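As structure tokens, the structure follows; a few thoughts come after it.
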Amino acid sequence: MPVPVAYSLRNLWARKLTTVLTAGGMALVVFVFAAVLMLDAGLRATLVATGQPDNILVTRRSSGTEIQSGVDRAQAAIVESQPEIALGPGGAPVVSKEVVVLIAQPKRGTGVPTNVTVRGVGAAGLALRPQVRVVAGRMFRPGTAEIVVGRSIAERFEGTGLGERIRFGGREWTVVGAFDAGGSAFDSELWGDGEQMMQAFRRQVFSSVAARLADPGQFDALRARLEADPRLTLDVKRERSFYEEQSQAMSNFISYLGVTLSVIFSVGAMIGAMITMYAAVANRTAEIGALRALGFRRGAILAAFLAEALFLALLGWAVGIAFAAAMQAVQISTMNWQSFSELAFRFTLTREIVVKSLLFALAMGFVGGFLPAVRAARLRIVDALRAA
Amino acid sequence: MHAAERPAPALIRIRNLAKSYRRGGQVVPVLTDITLDVRAGDFLGLMGPSGSGKSTLLNLIAGIDKPDAGEILFDGVDITRLGERELADWRAGTVGFVFQFYNLMPVLTAYENVELPLTLTRLSRRERRAHVEAALALVGLSERMAHYPAELSGGQQQRVAIARAIISDPRLIVADEPTGDLDRHSAAEVLALMDRLNTDLGKTIVMVTHDRRAAERAHAIMYLDKGELSTAADVHERSVR
């Protein structure tokens, strides 16, 4: 039979300062651990949300990113003519032949130039991305030097306010609208007319071709045909897969660095918990003796002290995850090393992160509490009672 | 130890008990060849100078220490042969402990302290409550159930400890200097209570004490000196119900 839970819980309350300090150390580690996972989840969510499940993206074979890709007009026309491509209301294929380039634009406040992605989209560009909504001003008019800017860009870069003019590609462009792309990577882009961008940047080839499939189930057949076509040296990917791959390098870096740091920090927290629990055992030796004399077995004593360490960890987890949850209000931007452009995203708390951080905290509590609990359980009753 | 007209059978039979401790590489004998019978319903006082082995003998009888040699038969069962778990279960069901410094759990209320041994049983919460309330009423602390040990006087804490000792209705109560930390008035209350446990509830009590007044409550007093049970003296005899 176990020692009542109230005994373990109230002993934590009885030594408030030690409990707060030890749980505080654990909370910090949980915060770092959860924040890193949230950063990774935010990055993935942003890039995954960029792709639509029934869209495909065609780029030059092995180019990896749209910036490095080139699809000439003939190749784009072949892609556009495939029977698997969905047709729009007027019978035209839902295809956007796009040009993607980087420009350096100064940030508001600091004036530091940072790479920003400019995307020239085709007529169906907006229809292909239903998550994109114009929230201020209006959409650019095809054939003009008008642009619209993503929400994150408008907030953080100079010259991107509504009605402002911005110079790149040897031209002045007027910002006529701002769009919200639902937290996707498009929020960090400037959009204009594809053909105008081709001319401005003196491009002969598109960067990519985005298209909607009439039936997403036909993707494999389409890819097999296009990739086997000797006229084409193209990669055909589902749009979502393409953007998932874009997040891979950075996601791996954040995960490895963050988890490594968390594990190193956790050693400190576990030693803190261990010292606290050893002190608890030393201070309550006579109580342990009395409990054993009353008939509580060694296992019950071990469980009671282990439970105390786990409650300590649970407290640390609750505080740590609460602070981490507050980080969701923070938006950060960084260079996406795959596209070399600015990417804004938010810390995203998922159910998986909550569970992982809880298990991490409990593991810290278990490791920190196990040896002191074993020591408590191994005390000889007569020796323990003499400590009274 | 009853020299009464109706001798009860021996509840505890101790035969050739020996115990020694190792101190600084030397073996120091504490008890040598102790043989003793304690009958059901006895109130036995163990006296002797410090270091004479009184508490060691009490610990062995209570099953919280193991002898080097000899046997302790409790109702026919040799408890020296019981394993760790069996001994814990035996203690939980058979022995009530009263310590000199009460050994209550500071973070539990008087009620919860008394309830503690019952958490080892299969009694329901309602049944436990009935038992705890009865035990606290018996020791006169019904009004102090919700108090923590730090909010009680020494005498009250020892009465809570006595309530805890009897809560699981053990056949044997072992008391190690139960009045050693109490003023005269509180000590008298505790001894009166122990007396009631013996006379009214028929509990067998083995009590270690330095206090002559405490020992006078016992039916019989055994003296331990240099590890040997030297004499037994009936202090006063009582008729047993």
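For segment A:205-212, backbone phi angles converted through the Karplus equation (6.51, -1.76, 1.60; θ = phi - 60°) give residue-by-residue couplings of 10, 7, 7, 7, 10, 9, 8, 9 Hz, Gly and Pro being listed as x.
The residues neighbouring residue A:244, those whose beta-carbon lies less than 12 Å from its own, together hold a net charge of +2 under the Lys/Arg +1, Asp/Glu -1 convention. Amide hydrogen proximity for residue B:69: with H placed 1.01 Å from N in the peptide plane, the residues at 5 or more positions away or on another chain lying under 5 Å are B:18.
Sorting A:99, A:355 by the number of Cβ atoms found within 10 Å of their own Cβ, with the fewest placed first, yields A:355, A:99.
Between the amide H of residue A:94 and those of A:86, A:87, A:88, A:212, distances stay under 5 Å, these residues lying 5 or more places away or on another chain, with hydrogens modeled in the peptide plane.
Roughly what angle does helix A:219-228 make with the longest principal axis of chain A, taking Cα atoms, 0 to 90 degrees, to the nearest 10? It works out to around 60 degrees.
So the label point goes 7 Å from the Cα of residue A:215 along Cα→C-beta, right? Which residues of segment A:232-263 then have their backbone N under 20 Å from it? What the label zone holds, given the 20 Å backbone N cut-off, is A:237-239.
For residue B:42, the amide hydrogen comes within under 5 Å of the amide hydrogens of B:205, counting only partners 5 or more places away or on other chains and with H modelled in the peptide plane. Compute the signed sum of charges (Lys and Arg +1, Asp and Glu -1) over the other residues within less than 13 Å, Cβ to Cβ, of residue A:129. Charge balance in the 13 Å sphere: -2. Label zone (residue A:363, point 7 Å along Cα-to-C-beta; backbone nitrogen cut-off 16 Å) within segment A:22-45: A:26-27, A:29-38. Once both labels are positioned 7 Å from their Cα atoms along Cα-to-Cβ, the gap between residue B:15 and residue A:115 label points is 9.2 nm.
With the simple spin-label model, which puts each label point 7 Å out from Cα in the Cβ direction, the residue B:188 to residue A:1 separation comes to 3.7 nm. The magnitude of the dipole of segment A:62-232, with charges of +1 and -1 set on the Cβ of Lys/Arg and Asp/Glu and taken from the Cα centre, is near 400 debye.
The C-alpha atoms of chain A define a longest principal axis, and helix A:5-14 lies at about 90 degrees to it. Of the residues A:115, A:38, A:4, the one whose Cα sits farthest toward the positive end of the charge dipole of segment A:1-152, with +1 on the Cβ of Lys and Arg and -1 on the Cβ of Asp and Glu, is A:4. Model label sites at residue A:352 and residue A:48, defined 7 Å from Cα along the beta-carbon direction, differ in position by 0.6 nm.
Can you give the FRET efficiency for residue A:108 and residue B:150, using 1/(1 + (r/R0)^6), R0 = 56 Å, r = Cβ-Cβ distance, to the nearest 0.05? Calculated transfer efficiency: 0.35. Along its three principal directions, the equivalent ellipsoid of the protein assembly as shown from the Cα gyration tensor extends over semi-axes of 85, 22, 20 Å, largest first. When the alpha carbon gyration tensor of chain B is reduced to an equivalent ellipsoid, its three semi-axes come out at 28, 20, 19 angstrom, largest first. With the Kirkwood sum run over all distinct C-alpha pairs, segment A:218-292 has a hydrodynamic radius of 18.1 Å. Here residue B:226 is the anchor, and the lysines within straight C-alpha reach of less than 23 Å, apart from those fewer than 8 places off in the same chain, are B:19, B:54, B:66.
Residue-wise HN-Hα couplings along segment B:84-93, as the Karplus relation 6.51 cos²θ - 1.76 cosθ + 1.60 with θ = phi - 60° gives them from phi, are 3, 6, 5, 5, 4, 5, 4, 4, 4, x Hz; Gly and Pro carry x. Converting phi to 3J(HN,Hα) with the Karplus coefficients 6.51, -1.76 and 1.60 and the offset θ = phi - 60°, segment A:112-120 yields 6, x, 9, 5, 10, 7, 10, 10, x Hz in sequence order, with x at every glycine or proline.
Treating r as the C-beta distance of residue A:333 and residue A:77 and R0 as 51 Å, the FRET efficiency rounds to 0.85. Summary value for segment B:117-241: 19 percent relative contact order, contacts being C-alpha pairs under 8 angstrom separated by 6+ residues. Across all directions, the average projected area of the convex hull around the alpha carbons of segment A:62-232 is 10.4 nm².
Every number here is computed from the coordinates shown, using simple stated rules; none is lab data. The structure presented is a predicted model; accordingly, all values stated were derived computationally and were not measured. Methodologically, a virtual Cβ is constructed for each residue, glycine included, from the backbone with ideal geometry; neighbour enumeration extends over all protein chains shown.
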